[in-house]
Amino acid sequence: MNKIALAALLPEEICSFFSLSPSFRGNQIFQWIGKGADSFDAMTNLSAELRTSLAEKAILRSTRVSDVLKADDGTIKLQIETEDDLAVETVLLTDKAGRKTACVSCQAGCAMGCAFCKTGTLGLARNLTAAEIVEQFLYLEKHAGTLDNIVFMGMGEPLLNLDALRKAIAVLTDKRGRNLSSRRITVSTVGIVSGIYDLADKGPAVRLALSLTTADEETRKELMPASSTNSLRDLRQAISYYIEKTGKRVTLEAVLLSGKNMSEKNADSLIAFAKDLDVHVNLIPWNPVEGLPFATPDARETAQFVSRLEKGGLNVTLRMHRGKSISGACGQLGKTNVKDECCT
């Protein structure tokens, strides 16, 4: 790409790249990007000469939306094409209170290989750039209006693309532009221990969610291959360090797989893992993925598991299914090449 992608540049970087003076021009352009401007002509407080110069040297979007899928529950899934013919997916989720959350991807595909996840079957194509990450959020706001929260738990492992993640968050939270509060940002990980320490020590100060799924070591290795080099013992120490360092509660997420990770033993292991940690537990009944050998638990099995966790002293939330009809639910994102047929 010969033109500069503007979506992940801060005002001072915009000024530097284009030798702009006075410096407030960088702020003006940055503000327009945060507002979702999709053409330089829309930047009406810039001179025609500057708008022409920007159009010659830069692009507002390095990606494009190749498909828009909408579910009856308000979920929107965008399939986004990159310059090199990869595709990633990003999802808008709306809860009962009407709060809108962007579920954003950090990689095209994923190398983690979680057995219950569609994305995990794809392998990793590459990390996304900071601009490609920011653009997902801007596209979702264009389709759904102002968003309340952002969760980095779409395609890929965010803590294996920390440089781009940090830059994207810096752009989205900058007060001169979109000004999204860091308290409304969650980063989800399968449990990359080194990344958790890095995030705790170097920031940014965001919420952390751990995709735990089970606290039984052998079952976790079977379901989540990354745990082979990130043991539960080391992971618990990292989570404890993150909580102490940041003062933030961590969310433990568990995908519920019928007959696989929902026994009394599984519940007790989770209770033991969470003991004395400032955590909240999110339970997510498995969203079906064609070809994967798992089953979604019924209401009775789920209620028994929830009850045992609560009796063990855990704060538990049972997540609702959203976006299943468009393969936009947790674990269902799975298109990585624009030449593939739609995964739905």
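Read-outs: derived from the displayed coordinates by stated rules, not from any lab. Model, not experiment: these values are computed from the prediction. Using ideal geometry, Cβ is built from the backbone for each residue, glycine included, and neighbour counts are taken over all protein chains shown.
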For Leu283, the net charge from surrounding residues (Cβ-Cβ under 13 Å; K, R +1; D, E -1) works out to -1
Counting Lys and Arg as +1 and Asp and Glu as -1 over every other residue whose Cβ sits under 13 Å from the Cβ of Gln237, the net charge comes to 0
In segment 260-289, the trypsin sites (Lys or Arg not before Pro) that sit in a DSSP loop and have at most 12 other Cβ atoms within 10 Å of their own Cβ are Lys275
Per the C-alpha gyration tensor (a ≥ b ≥ c, the square roots of its eigenvalues), segment 105-211 is rounded if a/c is under 1.5, else prolate if a/b beats b/c, else oblate; here it's oblate
When Leu9, Leu309 are arranged by how many other beta-carbons sit within 10 Å of their Cβ, fewest first, they go Leu309, Leu9
Listed with the fewest Cβ neighbours within 10 Å leading, Ile271, Ile133 appear as Ile271, Ile133
With the 8 Å Cα cutoff and a minimum separation of six or more residues, the chain has a relative contact order in percent of 16
The answer for GluC sites (Glu not before Pro) in segment 52-130 that fall in a DSSP coil and have at most 14 neighbouring Cβ atoms within 10 Å is Glu83
Assertion target for Met224, Met320, Met43, ordered by fewest C-beta neighbours within 10 angstrom first, is Met320, Met43, Met224
To the nearest 10 degrees, the tilt of helix 193-202 (Cα long axis) against the first principal axis of the alpha carbons of the chain is 50
In whole angstrom, the spacing between the Cα centers of segment 121-194 and segment 206-247 equals 21
Longest principal axis of the chain (C-alpha) makes with the long axis of helix 162-173 (C-alpha) an angle, in degrees to the nearest 10, of 60
Here the residues of segment 1-29 lying in the modelled label zone of Ser47, meaning backbone nitrogen under 18 Å from a point 7 Å along Cα-to-Cβ, are 15-29
When the chain is treated as a Gaussian network with springs between alpha carbons less than 10 Å apart, the largest mean-square fluctuation among Thr186, Thr119, Thr146 is found at Thr146
Simple spin-label estimate for Thr146/Ser39, 7 Å along Cα→Cβ, in nm, reads 2.6
For the chain (alpha-carbon point model, no solvent) the Debye-based log₁₀ I(q)/I(0) at q = 0.07, 0.09, 0.15 Å⁻¹ works out to -0.30, -0.49, -1.27
Checking Cys114, Cys106, Cys15 against a Gaussian network model of the chain (alpha-carbon springs below 10 Å), the top fluctuating residue turns out to be Cys15
Comparing Pro158, Pro293, Pro285 in a Gaussian network model of the chain (Cα, 10 Å), the one with the largest mean-square fluctuation is Pro293
Here, Glu81 and Ser181, labelled 7 Å along Cα→Cβ, have an inter-label distance in nm of 3.9
